[in-house]
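Structure first, then comments.
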Amino acid sequence: MHIIFQKGLDAARKNFGPGILLQGFALALVMIYYFHTPSQQLLLKVPAIKQRMGIFFPILSTAFFGGLIPFLFLAARKEIPAGRNTAHLLFMVCFWAINGLAVDLLYKCQAFLFGIEVNVATVVKKVLFDQLVYCPLWSAPFAVIAMHWKNCDFSFVRARQQFTRTLLTVETPAVLISIWAVWILACAIIYSLPSALQFPLFNVVLCFWSLLLTALSTEKNNENDC
């Protein structure tokens, strides 16, 4: 149990500074929306764009904020293995595009289950469902398995051969702890906005989370993986 908490906390600590900045930026957007009318009118144009783009909005926007921007940051810091830029770029873009669809579906399901009102009771219900149902059942396991495949040089054969119970009993809980460290507060902020603006704000925080998840995956790979 100590190892699980240590791995999750170490990854969170590595990007603590950028995380605070992004959390603060997300909170600032919420405050601006509610207290600055011109900015509110500008932000309200985003849902119209999302509606026109349909399913392509969650795919492209999440691929951009969760995949492309963090990839460029990692590439600039030379943290991508030599000769693997294209493979890592495609992986990060596709990984987050899939997650974008999943999160968009999550938000729509929660709007159906709990309503679209912005009040304490609704926000609490959505945060609990997000963090205690969606994340343990999808977000954390999918991230661990996908990152394991990436760390095995995108080889399904090697990934299957190297798949151990540790991935489920240690790595997945460690990622889940990292998720809670970032997303409990972030979700409370996100769900404090009208439903139409929740997904765009999610993408803002996603930049940091993508880097954090990569840090956790990289540390694991450096220790013992493929």
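Where a number appears in this text, it was derived from the coordinates with a stated rule and is not lab data. Keep in mind that what you see is a predicted model, and the values were worked out from it rather than measured. Glycine also receives a Cβ, built like all others from the backbone with ideal geometry; neighbour counts cover every protein chain displayed.
Past the 27 Å Cα-Cα mark, which pairs from Lys50/Lys150; Lys45/Lys150; Lys45/Lys126?
Values: Lys50/Lys150 31 Å; Lys45/Lys150 37 Å; Lys45/Lys126 24 Å.
Check vs 27 Å cut-off fails for Lys50/Lys150; Lys45/Lys150.
Gyration tensor analysis over the Cα atoms of region 71-124 returns equivalent ellipsoid semi-axes of 37, 13, 6 Å (largest first, whole Å).
In which sequence would Glu171, Glu79 go, from the one with the fewest C-beta neighbours within 10 Å to the one with the most? Intermediate results must be reported in sequence, preceding the final value.
On the way: Glu171 25, Glu79 14.
Arranged by neighbour count, lowest to highest, Glu171, Glu79 become Glu79, Glu171.
In order along region 135-140, phi translates into HN-Hα couplings of 5, x, 7, 10, 4, 5 Hz, rounded to whole numbers, per the Karplus curve 6.51 cos²θ - 1.76 cosθ + 1.60 with θ = phi - 60° and x for Gly and Pro.
State whether region 38-165 is rounded, prolate or oblate according to the following rule on the C-alpha gyration tensor (a ≥ b ≥ c being the square roots of its eigenvalues): a/c under 1.5 gives rounded; otherwise a/b larger than b/c gives prolate, and the remaining case gives oblate. It comes out oblate by the Cα gyration axes.
Which order do His148, His88, His36 fall in if you start with the one that has the fewest other Cβ atoms within 10 Å?
On the way: His148 22, His88 19, His36 12.
With the sparsest Cβ surroundings first, the list reads His36, His88, His148.
Compared with the direct C-alpha span, the chain from Ile184 to Ile116 gains 22.6 nm at full extension, assuming 0.36 nm per residue.
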